[in-house]
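Asker: So that we are looking at the same thing, I have put the structure below in C-alpha cells.
No lab work stands behind these numbers, since they all come straight from the coordinates. Predicted model, so just to flag it, every value in this text is computed and none were measured. A quick note on method: Cβ atoms are made from the backbone with ideal geometry, for glycine too, and the neighbour counts reach across all protein chains shown.
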Amino acid sequence: MPKFFNSDLADLTHQLTLSPRRLRVGQIRGIDRLLGIIDLGKAYPFDFVCYHITKYRKRGRPDAGPSIPGQALIRDLATMAETLSRKAGLKIAELGEESKSHVELAAELRVSTKTVRRWRDRGLMGIRVVCDDGVNRLAFLRCTIDRFIKQHRELVERGAAFKQLSHAEREGIVQQARALVARGPIRLHAAAKLIAAETGRAVETVRYTLRRYDEANKPNAIFTRWNDGFSEREAAIWRCREAGEPVEAVARGFDCSVADVESVLRNVQIAKWTATPLEYIYNEIFDAPNADAIIIDVDEPSACPDNATPQRIPADLPPYLRALYQTPLLSREQEYDLFRRYNYLKFKASRVLKALHGKAIVRERFDTLTELMGRIDTLRRRIIRANLRLVVSIAKRHIGWSAGFFEVISDGNVSLMRAVEKFDYSRGNKFSTYATWAIMKNYARSIPEQRYHLNRYVTGQDGILEAAADRTAESNSPSDLLRVQEMIAAGLKQLEQREREIVAGHFGLGGVDGGRTLEQLGERFGVTKERVRQIERRALARLREILDPTLVDTLGS
C-alpha cells in the first residue's frame, strides 16, 4: 500500500495505534462506514473524518479544518485500516463476522487477484488479521464486500465480464493506433488513453498490447525511438561521425556530398534532442521583452573573498577528492545567477526545438540551437562541480554503513545531478539545502539495500577467500578457466537482453568484444551514461545471486 497522502491522517493513524486495543475493531468499522459515504468528486474536512472514526468532535464550528480530496481520502483510509489492524495483531475470531482472503474474494467476484488489489484504491478495504495457522494475512470483511459491491455494481460486473482480447480486437487496437500516429506525433500513453476510451478496455491493456506488437514487429513498429525513424544509411553516417571520422571522410565513404552528410547529422541530432524534452523551472521574467539583456548579457556576480580562495586540502585525501577542493564554492548571488541563466537557456532551447517540429531544419537555426545546448551543458557542469564537495561531506557520514566509499559518492552524484534539474532558484533557498535533502533521501533508501546485500553474502571465511584470491593466478588451470567461462555464460543467459548486452559489451563476455565505455553503450541503447551504469549495477547484482559472488567480483578487476 502507498504511504499517506495527508499528513494529518498519518498522525491520526499513529495516535490510534496508541489507543487501547479493545477499540480497534470499532475504529476499523468506522473507517468502513466512512468509505461508504465518500464521493470522489468532493473534499471532506479532517474533523469530519476524525469524528466518523473515533466519535470525537472538537468544540466549535462542526466540520471545520482543512479539507481532504475524496480520492486521496479513500486511499489513506484503506492504508489506515491495514495499518491499525496489523499493529493490533487482530485475530480472525475477534472480527465477529465472515471474512475472505483476496484469493477467495477473487473467486467469488470472478475477477483476478490483481483486480481485487487494484480495487483497494477504490474503497475495497482490506485488513491484516492473524489466521488460525498463526500467519498474518490480508482479509476482507463481509460487510466491506457487500458495501463495495453496492457502491460499484457496474465496476464489479464489468470486471466479472472481462475476457482476454481476441485477435480481431488486438488488430483493431493496432489499426486505431496507426490512424492516430498518421494524424500527427503522439506518445504511446496518450494514444492508449484515447483508444481505451473508445474500446472500453483498460489503458494498461491497450498500452501492453501496443508494446507487444512493436516488439514483435520492429520494422513496422508504430511507436519508435529516435534512432528507429532513420534509415540504416543515415544511422551509419551518424555512428561514423560519433566515432570521430571527419565529415569529408564520411562523405567519401558513403559517396555523397558534405552538405548531405551535414543534413543527416542535423536531422539525427534534432531527433535526439527532441526525444528527451528539456526540463526547466519556469519564471515569468523569461517572457519579458528584454529577457536576454537582464539575464544573459549582464556580468556575473563576483565571488566572495572567502569562496574565491581554495580551502586547505587535507593531506590524506585521494587525488579525485583533492581536485574538488580546488574548485571554489559559489556565493548566494553567483548561485542565483547561474540557475537563472541555466533555466532560461533551457527555456529558449525548448522553444527553438518546438518551432522546428515538423519543419525543414535551417542551418542557422540549428547552429543557434547547438550553441544553446553547449552553453546549457557548460552551466550544468559548473554547478555540479561546485557542489561535488557537498556529496563527499554527506557520504563521509555514511561510510560506516558501506564498504564502497566511492560507490556511495557516485550514487550521491546522481542525486546531485537530479537536484540541479529540479531546484527552483526563485524561492530564495540555497541550493545546498535542497541538494542535501535530495542526497540524504536517496541514501536513506540505497544504503540499507547495500547493507542487506553485504550481510546476505557474509561467509565468515574472509581470510580463506583472501588467500584463495592471492593464489588464483597461479592455480587456475585451462579446465578451471573453461569451467568459469561456462558458469558466467550460463548466468548471462538468465539476464534480460539489455542487461546481458551491457555487461557483455563492457567486460567482453560471451564472445563479445569488450572495452566499450558506458557512454558508448548509452548511445547504443538511446539512454544516458548514468542509466547504463544503473542497469549494469543491477545486472551484476543479479549475477551475484545466480553465481558464486567471487566470480562476478572478478569482472571489475
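Asker: Assuming 0.36 nm per residue, please report the length gained on full extension of the stretch residue 486 to residue 48 beyond their Cα-Cα distance.
Answerer: Fully extending the segment from residue 486 to residue 48 adds 151.1 nm.
Asker: To the nearest 20 Debye, how big is the dipole of the stretch 7-160 about its Cα centre, given +1 on the beta carbon of each Lys and Arg and -1 on that of each Asp and Glu?
Answerer: It works out to roughly 200 debye.
Asker: Shifting gears a bit: Cross-link list 193/218; 42/354; 396/430; 396/529; 218/529: which exceed 27 angstrom alpha carbon to alpha carbon?
Answerer: 42/354
Asker: Still on this structure: Name the lysines eligible as straight-distance cross-link partners of residue 3: C-alpha to C-alpha under 20 Å, and not fewer than 8 places from it in the same chain.
Answerer: Candidates past the 8-residue exclusion: 87, 114, 441.
Asker: Could I ask something else about it? So, counting K/R as plus one and D/E as minus one, what does the shell of residues with Cβ under 12 Å around residue 335 add up to?
Answerer: Neighbour charge sum, excluding residue 335 itself: +2.
Asker: Then there is this: Only Cα pairs under 8 Å and at least 6 apart count here; give the relative contact order of the stretch 7-160 as a rounded whole percent.
Answerer: The value is 22 percent.
Asker: Here's something else I'd like to know. Need one number: nm distance between label points at residue 410 and residue 121, each 7 Å from Cα along Cα→Cβ, rounded to one decimal.
Answerer: The answer from the label model is 3.4 nm.
Asker: Determine the gain in length on full extension of the stretch residue 254-residue 94; use 0.36 nm per residue of separation and subtract their C-alpha separation, reporting nm with one decimal.
Answerer: Length gained, residue 254 through residue 94: 49.6 nm.
Asker: Sort 223, 405 so the one with the fewest other Cβ atoms within 10 Å of its own Cβ comes first.
Answerer: Fewest-to-most Cβ neighbours within 10 Å comes out as 405, 223.
Asker: Read phi for every residue in the stretch 368-379 and hand back ³J(HN,Hα) as whole Hz from Karplus 6.51 cos²θ - 1.76 cosθ + 1.60, θ = phi - 60°, with x for Gly and Pro.
Answerer: After applying 6.51 cos²θ - 1.76 cosθ + 1.60, I find 4, 5, 4, 4, 4, 5, x, 5, 4, 5, 5, 5 Hz.
Asker: May I ask you to order 381-392, 194-205 by the average number of other C-beta atoms within 10 Å around their residues, highest value first?
Answerer: 381-392, 194-205
Asker: Could you rank the peptides 119-125, 146-152 by their average count of other C-beta atoms within 10 Å per residue, with the highest value first?
Answerer: Highest mean packing first, the order is 119-125, 146-152.
Asker: Same structure, new question: I need 32, 287 ordered by Cβ neighbour count within 10 Å, fewest first.
Answerer: With the sparsest Cβ surroundings first, the list reads 287, 32.
Asker: Going by how many other Cβ atoms sit within 10 Å of their own, how do 50, 256 line up, fewest first?
Answerer: Details: 50 20, 256 15.
By the 10 Å Cβ count, ascending: 256, 50.
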